[in-house]
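The structure appears below as structure tokens.
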Amino acid sequence: MLRWEKIIFTLAVFAPVFLFISVAHAASVGDQRSFFVNPKYDKYARTSLAATLKYTSNHAYFYVDNNYWSTLSAGHQGFLNNAILDLAKEFDDNIYPKEVKFWGSEPNPGVDNDPRIVILLEEMTQTSGGYFETANGYSKKEASSSNEAEMIALNVEVLVANVAYIKIFIAHEFQHLISFNHKDLLRGLFEDFWLNELRSEYSVSLTGLNDSYSSSNLKRRVDVFLAEPSDSLTEWPNKSLDYGVVNMFGQYLVDQYGPEILSETLQGPLVGIASINKFLESKNAAERFEDIFADWMVALNLNDRSVGNRYGYLHPELRNIKVGPTTRSYFYNNYSDFIGGVSVKNWQPAWSEFDIEIDGSGTVYIANGSKKIDRIVVAATNGRQVVGFNSIDQARSLSIKLSFVEAKDIREATLKDGMLIKRPNEKEIYVIWGKYKRYLVPGIFSLYGHLNPADALEVGPEVFDSYQTSNYIKYVDDEKVYAVWPDGTKHWLNITAKQWDASSRDWGAIFTINDLERKYYITGSDITR
């Protein structure tokens, strides 16, 4: 079975068109016209062909390649005419109104001063479903090979073989025409290939053509992605893998931020990653593109929204998808450091898994964590480049190091003074400072704007017990040191500094508090020794 894939081709990047006056001449069924075509995708490598207008709908002219038409019997010509009517109705009644409402208008009346677009049904290579060229949107003075029309080309043989399938391509290509208007013509910009293609792929869902998932374009793209998920999002050699990754990332963006993240970035003054960051900023979102990409990599491997909404897909057909590791390493009773690496291109997802078994228990402690685990997955990418992507990207090597350390070393490396910690499955929360921890009664949290019980980190017993417990406090502007007891009372240590030192108490065990907390406690009896 032939595998059809959409091909986009752009001849050149042209400057914004100057306004000029032209007179529109509506075409009539039966009119013949010569078109420039792309030899790379044409079945016979032609640079031009003659075509005849077979049907005029409310929003489009449908031309058929004369060479192909002449090979058909009368019966097959009638079949093709009926397929064109079906496609035209789909375009007029569904694709055109939905896309224009969501994305905005195509150039209208455009370079030919005609509100209808031109759809050329051309004989193409077996792997070409359709294409769009920006050159056609300019005058011949600006682009000598221009057809001077708002135009897309579709593979006529795909139309004959499966009219339902060709609807996918017209929905996809029409977004390119709209994007050309909003970016190239109106703003003098050139959208990144990956984001332009992402929007076109989403147009298939937008128009309802992915609703029947089992036979949908989305399922085909997902299957391609799952076969090789570690493909760069931004590199664009125009292979089937590229369409898989933009579909998966696009569906994730829509799940997390709604479809407006695609439409508003199209209609905005920026392109690529910068346009997404601008959108996030406008919505007062704390995250930026690199954060979304990192969360997406976790979601692909974990896909569990119970852990957090950003760590899974909302789309019902994508909820059970999980991507396995790109590389896997095993540790069995091995405490040696592991130093390895992964070679990744810009915004290429990669997952490295480490399976660990120590003394047959298959467990390991992770910094800031409390649960025993036997598997670590490191999601990595190369996010240095944010503009200037092309069809060939240079991979960079990233190093990964896995070390086995003592719990106290984990504490020193990761936990910071002022953080909140707790034991697993226990309610008592402590604040840490230096090598000490202090229990906080529940009423204390509201006295500090920065303390939130939900931020308390569950730590394992080795880490928790590595902090010594202290109950000494002092107000910032007072030299008196108090001991706080669990009953909510405070007791002044009415002793000299010499007595303090002689009692083996540590000055570093004293926690500084604010005035609200000082007043919170009931004053009890002094401590005199």
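So here's what we get for this one:
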{"read-out": "Only one of LYS437, LYS474, LYS490, LYS480 that is at pLDDT 90 or above, more than 50 Å from the chain's Cα centre (by Cα), of a type in the set (Lys, Arg) and surrounded by 13 or more Cβ atoms within 10 Å (Cβ to Cβ)", "value": "LYS490"}
{"read-out": "Residue among LEU241, LEU177 that alone is surrounded by fewer than 22 Cβ atoms within 10 Å (Cβ to Cβ) and more than 24 Å from PRO316 (Cβ to Cβ)", "value": "LEU241"}
{"read-out": "First in segment 53-81 and in the same structural domain as LEU159 (by TED's automatic domain parsing), second anywhere and small (Gly, Ala, Ser) and crowded, with 20+ Cβ neighbours inside 10 Å, Cβ under 8 Å, 6 or more apart", "value": "TYR55/ALA88; SER57/ALA88; ALA60/ALA88; PHE62/ALA88; TYR63/ALA51; VAL64/ALA51; ASP65/ALA51; ASN66/ALA51"}
{"read-out": "Filter result for SER203 (at pLDDT 95 or above and in contact with a His (Cβ under 7 Å, 6 or more places away or on another chain))", "value": "yes"}
{"read-out": "Long-range neighbours under 6 Å by Cβ, at least six apart or interchain, first residue in the same structural domain as VAL378 (by TED's automatic domain parsing) within segment 284-303, second polar (S, T, N, Q) and not in a helix (DSSP H, G or I)", "value": "none"}
{"read-out": "Which listed residue, of LYS474, LYS480, is in contact with a Lys or Arg (Cβ under 9 Å, 6 or more places away or on another chain), part of a strand (DSSP E or B) and within 16 Å of ARG518 (Cα to Cα)", "value": "LYS474"}
{"read-out": "Selection from segment 38-63 of residues that are assigned to a strand (DSSP E or B) and farther than 13 Å from ASP114 by Cβ", "value": "ASP42, SER48, LEU49, ALA50, ALA51, THR52, LYS54, TYR55, PHE62, TYR63"}
{"read-out": "Any chance ASN155 is closer than 21 Å to LEU209 by Cα and without any contact (Cβ under 8 Å) to a residue 24 or more places away in the chain", "value": "no"}
{"read-out": "Test: residue in segment 358-372 that is part of a loop (DSSP other than H, G, I, E, B) and at pLDDT 75 or above", "value": "no"}
{"read-out": "Residues (charged (D, E, K, R) and either under 27 Å from the mean Cα position of the chain (by Cα) or surrounded by fewer than 20 Cβ atoms within 10 Å (Cβ to Cβ) (or both)) located in segment 100-122", "value": "LYS101, GLU106, ASP114"}
{"read-out": "Among the candidates LEU186, LEU209, residue that is crowded, with 19+ Cβ neighbours inside 10 Å and aliphatic (A, V, I, L, M)", "value": "LEU209"}
{"read-out": "Residue that is assigned to a loop (DSSP other than H, G, I, E, B) and not aromatic (Phe, Trp, Tyr), where the choices are GLU197, GLU148, GLU157, GLU173", "value": "GLU148"}
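The values are calculated or read from the model by the stated rules, or taken from the named source; none is laboratory data. All figures in this text were calculated on a predicted structure; none of them were measured in a lab. Please note: Cβ atoms are built from the backbone with ideal geometry, for glycine as well, and neighbour counts cover all protein chains shown.
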